[in-house]
Amino acid sequence: MVSVLSLGSNLGDRRAHLRAGLDVIGARLAVRAVSPLYETAPVGVTDQPAYLNCVAIVDTDDPLVAWSAARAAEETRGRMRSRRWGPRSLDVDVVAVDAVVSADPRLTLPHPRAHERAFVLRPWLDVDPDAVVTGRGPVWRLLRELPAAGVVGVAW
């Protein structure tokens with residue numbers, strides 16, 4: 001059983017933040033695959049630098065174990081939660097844990113906006129062409145159905 005993690009950074013040495021985050025996650029969980037990096041326009045708060053994003057597939061069927069690894073990775077890079085959708089040294093979201101559906105306030109699964117985010121869907125498709133967002137459909141279809149404006153800011 002696997003979990004899907006989305007990593008993003010738009011402050012400082014973005015690649016180093018992503019690499020370090022993957023190292024922390026890899027020390028806790030087996031990492032099966034990591035997507036190529038994508039540079040993406042910020043969403044929500046647009047007056048900030050562009051992000052680098054990737055997706056990692058990790059071995060765990062326990063949502064809280066995935067969540068704990070994600071938080072540990074963010075903490076090692078000094079993540080501050082001061083502004084929603086604001087700039088971040090490292091942001092790690094648990095996107096999906098197999099077909100688990102959860103409304104837990106700490107961790108909603110699948111991620112409630114994953115199906116709307118090209119910066120999640122595009123790299124996820126790279127590492128799992130058969131990926132499905134539970135309750136929403138295949139990742140390839142969700143990506144194809146996004147408005148053009150939502151995909152334009154995603155560059156490999």
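In the set Gly26, Gly12, which member is on the phi > 0 side of the Ramachandran plot and surrounded by 14 or more Cβ atoms within 10 Å (Cβ to Cβ)? Please lay out each step first, then the result.
Details: Gly26 fails: on the phi > 0 side of the Ramachandran plot.
The unique qualifying residue is Gly12.
For the stretch 114-124, does any single residue satisfy the condition of being at pLDDT 90 or above, touching a Pro at 6+ places or on another chain (Cβ under 9 Å) and assigned to a helix (DSSP H, G or I)? Yes, the stretch 114-124 has at least one match.
The values are calculated or read from the model by the stated rules, or taken from the named source; none is laboratory data. Just so it is clear, the structure is predicted and the values come from calculations on it, not from any experiment. Note that each Cβ is placed from the backbone with ideal geometry, even for glycine, and that neighbours are counted across all protein chains shown.
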